[in-house]
Each structure stands twice: as C-alpha cells, then as structure tokens.
Amino acid sequence: MTETADGTGTASGPTATLGFDPYDPDFLADPYRHYRRLAEAGPATRGEGGPLVVTSNRACAAVLRDPRFGRGGDAAVMRDEDRTVNRSRRSFLVMDPPDHTRLRGLVGKAFTPRMVERLRPRVADLVDELLDAAMEKGEVDLVEALAYPLPVTVISELLGVPAGDWPRFRGWVDDLAAGLDPDFLQPPERIRRRERSRAEFCAYLLDLFARRRADPGDDLISALLAVEESGDALSEDELLSTCVLLIVAGHETTISLIGNAVLALLRHPAELAALREGAVTVGTALDELLRYDAPVQSTVRVALEPADVGGTAVAEGELVMLMLGAANRDPAVFADPDRLDLGRDARRHLAFGLGIHFCLGAPLARLEAEAALKRLAGRAPALALATGPDGLRYKDRLVLRGLAELPVRLR
Ligand code: HEM
C-alpha cells in the first residue's frame, strides 16, 4: 500500500505499482489527467514493486533509441508458464538484435512501401462503399460502420485471408489485443482466454499456410512463404508469430486511430471545419490527432545492462514502462499540450514508437486513416455525436486505447 497522489488515503493494486489504475472507468475516460499528475513527480516514477513508469517525451525517446534497453522476448511481463510454452508469442516486436534485425529485414522485403501504395485506390473505394451504407442509415456506430471494417478488410486482403473467414477471427484478435497489456495487470481469466484464442488462431493460420503453399496467390502470406535471402527464410513459428503480429497490430490500432480521431474532431468543431475546408492538410492533421489521443498508449523495455532513465538509475533486468500517451502531451515538447491544434507541427509524437521497432505499418495506417477522415469530413457536413459524454465507452485496455463504440449522426 502507498499514499495516493492527492494524499487522501492509501492505494493498492495497480495504483500502488503504477500510480494509476488502467481499468478504472475514470482513467479510461481521460488518462491524460492521471499522466499529468505522475509527470509532476518527475520524468520517471517508481511505485511499490512496480516498473519504472516514464512520462517525459525526452526520456521515452531516449530509451527507445538506447541499445542498453530491449524487449528480451517480453519475459519480464509474462507469467512463468508462458515463458516456456509460448514460442509463437515471440514476434519480432518483442525480439532484440540480432534476431529482430534478421526477421524485420525478411518481413520488410515482402511488406514494402510500394505494396502499400498499390492499395491506395482500393482503400479509397472501400471508404466510399462503407460511407455510402452509413450515410443511408443516417445514424450509426462509427466503429462498426467504418473504423472496424476498413482496416480489417485491408489487412485481410493484403495477407490473403479469405473474406468468409473474417467473422471467425474477430473474437481471437480481440482477445489477443486485450492480452497485449502486461500480464501482471490482467485478471487470470483474461490471460487464459488470450492463450485459448492464440492456439485457435494459430491452428487456423497453419491451415491457411498449407493452402497458400499449394496454391500461392498475390498476397503477403504467399510472399512471406517465398521470402528468402542468402539461404535464410522464415521458419513456421516465425511465420506464425509474424502473421499474428501483422493481423493484430494491423487493424486493432487503426480502428482506435479512426475512432479516437473522429471523437477528437467532434469535440473541436473549429478544427473539424479547418480540415473540411482544407485549411490544414490531412497529413499534418493526422500527426496532431495521433499525438492528441494515441491508439498505442504504452510499451515496455527491459534494461539489458545497468542504465539510467531521466536521471533515475535502472538495474539490469529492470522493467521500464514507457507511457507514449503521456510523452505525446509533454509540455516540454508541445506547447499547450492538451489543446487540439491541427495546424501545429506534431511530428515529435511517439504514437508509432521510435528506433529499431518504429511501426512497420505506419504508411498503411496513415493511408487508411487519411482516406477515412478526409472522405468523412467532406461527405458528412452535419457530422455530430449522437450521445452525451456518458454514452462513450472505452475498451478496458491499457496498451491499445480505443472506443468500444462511437454513435454519430451523419445527416
Ligand atoms: C494507427 C495505427 C498504428 C499505430 C498507432 C501503431 C503503433 C505502433 C507502435 C507504437 C509500435 C512500436 C512498439 C514498440 O516499440 O514497442 C509499432 C510496431 C509495429 N507495428 Fe504498428 N501501429 C499502427 C498500425 C500498424 C499497422 C497497420 C501494421 C501492419 C500492417 C503495424 C505493424 C507493426 C509492426 C510489425 C510493428 C513491430 C515493428 C518492430 O518490432 O520492428 N502497425 N506500431
């Protein structure tokens, strides 16, 4: 137990270890107020028996670029049994060099910016099709109508996952996305569900690999199966963990980005008008929207050797939680950080990370979100929230912050 920041009592559970409770509805509604309180105590704070929690932009960026910090296979945030059984969990997201370098290089050969650019017309058509249906209804849950189906369709087509199979993997992906939170924060049932879903998802993917091997297509899974460089190729386990990563990272994040961004615009009508009238480019606006309410709120690193973070010494093996959402609201880097200002230069946000793990899918996420925001703003001049502030519900996750639904009126 520890004193609460406001001095009104003692805290336990996550509040004692982190300084906040990530699943408290009050935190989910506005984590930034809680981060600000933490940041007042310094660039990095340490709770009882918890990790070092880093809120400053400079300190987060320094750790992300520092080879003295790595992911270490994420063993530091896993339960004991998962450390041995969960080989397929170890995607290159949680690997360190040289394994990370090798795998990211192999995947990068198949997942190229050119491949993403080729998707531009398809993404534009998809957005228009989804908006046609939504406009006809007049009032919709924008998560269901646009934010979910757009990225899920794009990543499925990119990877070559048959359209008819989408409903099957929705539940698996949802459990895996929730399961990205550090294990020490999650209820045991949620971890068990994640592991069940991972096993079912992997069995499904193995079957799909067999079909693609026998009959390759013009898709990323076929390309990954064929990728080979100097005699090096992806093993079956590597292929599995990479596909799981691409599918989970490839749409859960973008769903949140579209939902969070549209909500921010609806709460700031003058900024929405500036976007609609072309007073700001959609690319500049998107950086500010990523900064303002980031879909990925935190990540972890472990010290591979003794180091320091923002003036605090860190021992070898110690876990560090980098609060990217807090770093994006750091007044030392962004003036008046709680104000949404689409015209500002927000490029120092850490929404896509930094360093060797910088998001591989950033160009795809941008392509999709820019198309969605531009067409939505242009086609729905009467766009408005169809619920009061109490009607908004967030998914109970720390790492991937996103709305469970976003009721809007389109006309
Ligand atoms: C708004 C959308 C997205 C956001 C905010 C986002 C955010 C991030 C962040 C913060 C990281 C770094 C994590 C860390 O350093 O620990 C990351 C890594 C990654 N992202 Fe994204 N992402 C998005 C969309 C996508 C998409 C669409 C894909 C793929 C189709 C993707 C694939 C990846 C992969 C493969 C990595 C691991 C890179 C590595 O470890 O080298 N992401 N993403």
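The values are calculated or read from the model by the stated rules, or taken from the named source; none is laboratory data. Remember, predicted model here, so these are calculated numbers, not experimental data. Cβ: placed from backbone, ideal geometry, glycine included. Neighbour counts: every protein chain shown. The area values use the complete protein model at the heavy-atom level, side chains included, leaving out ligands, DNA and RNA. Shrake-Rupley method; radii C 1.70, N 1.55, O 1.52, S 1.80 Å.
Of the helices (runs of 4 or more DSSP H) lying entirely inside region 180-272, those containing at least 2 residues that are over 24 Å from Leu360 (Cβ atoms) are 188-214, 236-266. So, Leu176, is that one in contact with a strand residue (DSSP E or B) (Cβ under 8 Å, 6 or more places away or on another chain), more than 26 Å from Arg118 (Cα to Cα) and within 16 Å of the ligand (Cβ to nearest atom) or not? It is false that Leu176 is in contact with a strand residue (DSSP E or B) (Cβ under 8 Å, 6 or more places away or on another chain), more than 26 Å from Arg118 (Cα to Cα) and within 16 Å of the ligand (Cβ to nearest atom).
Can we say Ala294 is assigned to a loop (DSSP other than H, G, I, E, B) and crowded, with 24+ Cβ neighbours inside 10 Å? Yes: the conditions hold for Ala294.
Only one of Ala270, Ala261 is within 13 Å of the ligand (Cβ to nearest atom) and not β-branched (Val, Ile, Thr); which?
Details: Ala270 fails: within 13 Å of the ligand (Cβ to nearest atom).
So the residue among Ala270, Ala261 that is within 13 Å of the ligand (Cβ to nearest atom) and not β-branched (Val, Ile, Thr) is Ala261.
A search for C-beta distances below 7 Å between a residue of region 357-381 that is within 22 Å of Gly108 (Cβ to Cβ) and any residue that is open to solvent by 10 Å² or more (accessible area, probe 1.4 Å) and away from the ligand (no atom under 13 Å from the Cβ), counting only pairs 6+ apart in sequence or on different chains, returns Leu367/Arg120.
Among residues of region 93-113 that are over 21 Å from Asp218 (Cα atoms) and assigned to a loop (DSSP other than H, G, I, E, B), those with a beta-carbon under 6 Å from a residue that is more than 9 Å from the ligand (Cβ to nearest atom) and not basic (Lys, Arg) at least six positions away or on a different chain give the pairs Asp96/Gly70.
Being within 15 Å of the ligand (Cβ to nearest atom), in contact (Cβ under 8 Å) with a residue 60 or more places away in the chain, assigned to a helix (DSSP H, G or I) and surrounded by fewer than 18 Cβ atoms within 10 Å (Cβ to Cβ) is a property that does not hold for Glu144. Annotation note: Cβ proximity below 7 Å between a residue of region 231-255 that is within 14 Å of the ligand (Cβ to nearest atom) and a residue that is among the acidic types (Asp, Glu) (sequence gap 6+ or interchain) occurs for Thr254/Glu368. Note on region 304-324: among residues that are open to solvent by less than 10 Å² (accessible area, probe 1.4 Å) and within 15 Å of the ligand (Cβ to nearest atom), the one that is farthest from Leu400 (Cα to Cα) is Val320. For Val161, the conditions (1) within 27 Å of Leu367 (Cα to Cα); (2) assigned to a helix (DSSP H, G or I); (3) modelled with pLDDT of 90 or more are fulfilled apart from (2). If you go through region 344-366 and pick out every residue that is crowded, with 19+ Cβ neighbours inside 10 Å and part of a helix (DSSP H, G or I), you end up with 4.
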